[in-house]
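Enquirer: Encoded as structure tokens, here's the structure I'll be asking about.
Laboratory data are not the source of any read-out in this text; all were calculated from the coordinates shown. Please read these numbers as outputs of a predicted model, since none were measured by experiment. As a convention, Cβ positions derive from the backbone with ideal geometry for all residues, glycine included, and neighbour counts pool all protein chains shown.
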Amino acid sequence: MTTTNNDHSTSSGRVALITGGNRGLGLAAARRLGRHGVTVVIAARDERRSHEAVVDLRRTGSYASAVPLDVDDPDSVARTAELVAREYGRLDILVNNAGILPEATTPEADRPLDLDLFHRTFRTNLFGAAAVTQAFLPMLRRSEAGRIVNVSSTMGSLSDQLDPASPYFGLVVPAYQASKAALNGLTIALAKHLADSAVKVNSVCPGWVQTDLGGPESRAAAPTTADDAAAVIVRAALLDQTGPSGSFFDLAGPIAW
């Protein structure tokens, strides 16, 4: 099921696509962007939940649509890029939000070197983000203010992992941590590659968020609501021309790589 909203597709000016946008942090970011008048395209595997998310967004006055997307599937990524190009003809904001943390819900994992978890985690958190970015980059380059927001984590900061004072110091989830460190590396490389364009690329950390990413126990213990956490995504998505590119930050400011 593909839900479109063609009557209003260009009325808000900017168009944003959010991977994994049908729930949790992605949906919260969609709501916030919608309040700024951005047309939001929800891209996710679960088409039923995506349709429900669109209905919810439209009920609050946002311009929204949904497209099926599996970031792990190159054919799905290519089809989605073609669909967005056909329906909207543009993309101004890409939020690479889709991510997994199977180590949190796989107690039998052979840490720190469970290769299956490494493959699964990198396939979504890094390769998926790279594939989606590659597919949508031509449209982003044509935007007057293209923005790529890679949803990372402080747990991907090598400096933070080595800091005994960090609240994350005791967490050992190497596949997830390595995938986010690699995503940060991709952010830097893309920012350099796109330095001659209007596209800005940044990594953001939303914090420890009340979502399903880390399982039910993590959701109950996390201190930050999805809506509050989504503020940093929107900040990066709506940066003006003086804003940074190739940076890593949360709501409090820069994070050390």
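Enquirer: Which value, in Å to one decimal place, does the Kirkwood hydrodynamic radius take for segment 69-160 when every pair of different Cα atoms is included? Each step should come with its number before you reach the end.
Expert: Working: mean 1/r = 0.0679 Å⁻¹.
Over segment 69-160, the inverse of the mean reciprocal pair distance is 14.7 Å.
Enquirer: Okay, moving on. Any idea what the relative contact order of the chain is, in percent, if you count C-alpha pairs under 8 Å spaced at least 6 apart? Working shown, then result.
Expert: Numbers: 528 pairs, mean separation 49.3, N = 257.
Once normalised by length, the contact order is 19 percent.
Enquirer: Of PHE118, PHE248, how do they rank once you tally other Cβ atoms within 10 Å and put the fewest first?
Expert: Listing PHE118, PHE248 from fewest to most nearby Cβ atoms yields PHE118, PHE248.
Enquirer: Using the Cα centre of segment 6-254 as the reference point, and only Cβ charges (+1 on K/R, -1 on D/E), how large is the resulting charge dipole? Debye, rounded to the nearest 20.
Expert: The dipole magnitude comes to about 780 debye.
Enquirer: Please rank HIS193, HIS51, fewest neighbouring Cβ atoms within 10 Å first, as an exposure proxy. Let's see the in-between values first.
Expert: Values: HIS193 12, HIS51 17.
Listing HIS193, HIS51 from fewest to most nearby Cβ atoms yields HIS193, HIS51.
Enquirer: Also, I was wondering about something else. With n ≥ 4 as the cut-off for DSSP H runs, can you work out [θ] at 222 nm for the chain, using -39500 (n - 2.57) per run divided by the number of residues, rounded to the nearest 500?
Expert: Working: 9 runs with 103 residues, N = 257.
So the calculated ellipticity at 222 nm is -12500 deg cm²/dmol.
Enquirer: Order these by the 10 Å Cβ neighbour count, fewest first: VAL199, VAL204, VAL54.
Expert: Ascending number of Cβ neighbours within 10 Å: VAL199, VAL54, VAL204.
Enquirer: Taking the alpha-carbon set of the chain, what are its Rg and Dmax in Å?
Expert: Considering the chain through its Cα atoms, Rg and Dmax are 17.2, 54 Å.
Enquirer: Then there's this: Loop only by DSSP, 16 or fewer other Cβ within 10 Å of the Cβ. Give me the GluC sites (Glu not before Pro) in segment 92-176 that pass, ordered by residue number.
Expert: Values: sites: GLU103, GLU108, GLU144; in loops: GLU108, GLU144.
Here the GluC sites (Glu not before Pro) that fit, given the DSSP loop and packing criteria, are GLU108, GLU144.
Enquirer: Right, here's the next one. List, in order, the whole-Hz ³J(HN,Hα) value for each residue of segment 150-164 obtained from phi through the Karplus relation with A = 6.51, B = -1.76, C = 1.60 and θ = phi - 60°; use x for Gly and Pro.
Expert: 9, 7, 10, 7, 4, 5, x, 8, 5, 4, 5, 4, 8, 9, x
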